[in-house]
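Novice: Supplied in structure tokens, the structure appears directly below.
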Amino acid sequence: MTSYRLHRPDALRALTRAMIIAAGWSEDEATETAEHLVLANLSGHDSHGVGMLPLYFNSLADGNLKPQSKLSIRTEAGPFLIADGNVALGQPTARNAVDRAIAIAQVGGVAVLNLLDSHHIGRIGHYSEVAAAAGLISVFWVNVAGRPPIVAPFGAKQARFGTNPIAIGLPVPGGEPLILDFATSRMAHGKARVALNKGVTVPEGYIIDGEGRPTVEPRHVFPQEGLPLGALLPFGDHKGAGLSLIAELLSAGLMGAARIDEKPHKTWIINSLFGVLIDPARLEPDAGLRQQRIESYLTFVRAAAPQDSSQPVLAPGDKERRTRIERERDGIPLDDETWSQIVAAAKAHGVDAESF
Ligand code: NAD
């Protein structure tokens, strides 16, 4: 097992910004990417934090991710916004598209967004948090393409899906929003990468090897010389598998964006996103009533007796908020393997990661 070091969030933000700027992106794009990645680490989702930087820099080195690529608008008509991601750096690209959709929903009450073919856009709940901060309900469906399939359909021995995440955000007037955000696989692929880097196994029931046999070894879901690739299992059996299939078609398939079954596979990660943003005031104009109705139900839910008295019943978004408080105080743990990959990626662009 490898060891960890704790990093200050500010230092990781500054390092990420420096790396992104050194690689040719603008200061604004670097700031947005740094905020997003470090917030993912602070939220406990290390799979979508600064550990992604070496993968992004591999895409850059391959020539697949280009600093000059930017979002372009294909159509904007009424509530509909269709945007091309042009395989541009994902976090600023998706933020730009979501901000435009927010502006539409704030005027007309609803926006329907389809962002096609962005580079990896990160933690999808991030965009639900942005929408909730603007007072909007959001529902996002995302596919993962440009890579071989990694999630098996229910009952299959072979992968046919990406980890296709879904995020739903519900603002609570005067309170913290509900943010439900997860991969439709039982485990995000990045979490298997984190386990691999740490040298630990994953729990039983999460992955199968290249022959379709259950395994706890994360290496089976990464390419190995001479061995067929294994698969992550969908969460909730046929239910998660069904959501994943719909996410693929809703976000990318309908509009002809990059799909998981396209060959040849490229080395970068492409996300397309389908989203609906709704102003809750169009449903219930009285914010006080909305707050009272949501909070009274949350109080009822949280009051359920826990199975384990040390583990209180939580609502979606609670865990991430708790982890943020802990990590803001104690620092962000990064394992040695992840850190050495970041150091190498930074060095390739003349940035000394150890000096931050
Ligand atoms: P996860 O399994 O940790 O589930 C997180 C969700 O469950 C959150 O809404 C959280 O608040 C809630 N939750 C966690 N513990 C809870 C509890 N005890 N009680 C109630 N609710 C609880 O998430 P995941 O599937 O590992 O996904 C991790 C991240 O990876 C997500 O942010 C997702 O968007 C991201 N992701 C991105 C891509 C991509 O291609 N961009 C692909 C897959 C996943």
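The values are calculated or read from the model by the stated rules, or taken from the named source; none is laboratory data. A quick note: this is a predicted structure, and the numbers were derived from the prediction, not measured. Heads up, the Cβs are rebuilt from the backbone with ideal geometry, glycines too, and the neighbour counts pull from every protein chain shown. In case anyone asks, the SASA skips ligands and DNA or RNA and just uses the protein heavy atoms, side chains included. Shrake-Rupley method; radii C 1.70, N 1.55, O 1.52, S 1.80 Å.
Novice: Report, in whole Å, the centroid distance computed from the Cα atoms of segment 150-220 and segment 288-356.
Specialist: First find each Cα centre; the distance between them is then 17 Å.
Novice: OK, next. How much length, in nm to one decimal, is gained on full extension between GLU176 and ALA61, taken as 0.36 nm per residue of separation minus their Cα-Cα distance?
Specialist: Length gained between GLU176 and ALA61: 37.4 nm.
Novice: Would you tally the net charge around VAL130, using a Cβ to Cβ cut-off of less than 10 Å, leaving VAL130 out, and scoring K and R as +1, D and E as -1?
Specialist: Here the charged neighbours net out to -1.
Novice: Could you work out the per residue convex hull volume over the alpha carbons of the chain, in cubic angstrom?
Specialist: Residue-normalised Cα hull volume stands at 146 Å³.
Novice: Can you run phi through the Karplus equation (6.51, -1.76, 1.60; θ = phi - 60°) for segment 140-154 and list ³J(HN,Hα) in whole Hz, with x for Gly and Pro?
Specialist: Residue by residue, segment 140-154 yields 10, 10, 9, 10, 10, 10, x, 9, x, x, 9, 10, 7, x, 4 Hz.
Novice: If each of SER340 and GLU326 carries a label point 7 Å out from its Cα toward its Cβ, how far apart are those two points in nm?
Specialist: 2.7 nm
Novice: Follow-up question, since we're still on this one. Once you have the Cα-Cα distance between LEU249 and ARG213, take 0.36 nm times their residue separation minus that, and quote the gain in nm to one decimal.
Specialist: Extending this stretch completely gives an extra 10.1 nm.
Novice: While we're on this one: Compute the distance in nm between two label points, each set 7 Å from the Cα along the Cα-to-Cβ direction, one at ALA287 and one at PHE154.
Specialist: 4.2 nm
Novice: Another one. Express the relative contact order of the chain as a whole percentage, based on alpha carbon pairs under 8 Å and six or more residues apart in sequence.
Specialist: For the chain, the relative contact order is 23 percent.
Novice: Given contacts defined as C-alpha pairs under 8 Å and at least six residues apart, what's the relative contact order of segment 1-129, whole-number percent?
Specialist: 20 percent
Novice: Among GLN291, GLY256, ALA281, whose Cα sits farthest toward the positive end of the charge dipole of the chain (+1 at Cβ of Lys/Arg, -1 at Cβ of Asp/Glu, about the Cα centre)?
Specialist: About the Cα centre, the residue reaching furthest to the positive side is GLY256.
Novice: Count the net charge of all other residues whose Cβ sits under 9 Å from the Cβ of GLY317, scoring Lys and Arg as +1 and Asp and Glu as -1.
Specialist: Spelling it out: positives minus negatives among the neighbours equals -3.
Novice: Using the 2.2 N^0.38 Å rule of thumb for compact globular proteins, work out how segment 189-233 stacks up: its C-alpha Rg over that value, please.
Specialist: 1.01
Novice: Further question: With the full set of protein chains in place, find how many percent of the accessible area of the chain is carbon and sulfur; take the probe as 1.4 Å.
Specialist: 56 percent
Novice: Under unit Cβ charges (Lys, Arg +1; Asp, Glu -1), what dipole magnitude, rounded to 20 debye, does the chain have relative to its Cα centre?
Specialist: In debye, rounded to 20, the chain gives about 360.
Novice: Related question: Any idea what log10 I(q)/I(0) is at q = 0.16, 0.17 Å⁻¹ for segment 210-306, Debye with uniform C-alpha scatterers and no solvent?
Specialist: Debye output, listed in q order: -0.96, -1.00.
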